[in-house]
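Notes follow the structure.
The values are calculated or read from the model by the stated rules, or taken from the named source; none is laboratory data. Quick caveat: nothing in here was measured; it's all calculated off a predicted structure. Virtual Cβ from ideal backbone geometry, glycine too; neighbours counted across all protein chains shown.
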Amino acid sequence: MTEAKLSQRERVEKKYGKVVTYYAELLGICHEAVKSNSLLNKLDPMGQKTSATTLFIRACARMDKADGVDTAEKLIDISKETKSKVA
């Protein structure tokens, strides 16, 4: 019996759905932060969108940088463990 092939939309949803939802939530938090900020909430709607987008980009960059450090440290630890097992 052959399995029915998932549609492209279903395959994309299965592979990326959770990460897209995560980033959508983060973007929503950035918009809320702009609206609750006493200076940024006085901007026109386009300025608020731009500010929220900037916050989103900066937050993602910081998370990526933090993930990279963690990953690099883990790789260093793994290489140390491997060297001690070989020696």
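A few notes on this one:
- Flag: residue 27 does not match the condition of being surrounded by 12 or more Cβ atoms within 10 Å (Cβ to Cβ) and either of a type in the set (Phe, Trp, Tyr) or farther than 25 Å from residue 64 by Cβ (or both).
- Within the stretch 1-29, tally of residues that are part of a helix (DSSP H, G or I), more than 14 Å from residue 60 (Cβ to Cβ) and among the hydrophobic types (A, V, I, L, M, F, W, C): 1
- Matching residues in the stretch 31-57 - criterion: being surrounded by 14 or more Cβ atoms within 10 Å (Cβ to Cβ) and under 13 Å from the mean Cα position of the chain (by Cα): 55, 56
- Within the stretch 59-82, one or more residues are surrounded by 11 or more Cβ atoms within 10 Å (Cβ to Cβ), of a type outside the set (A, V, I, L, M), at pLDDT below 95 and in a helix (DSSP H, G or I).
- Against the list (1) in contact with a Lys or Arg (Cβ under 9 Å, 6 or more places away or on another chain); (2) at pLDDT below 90, the condition residue 6 fails is (2).
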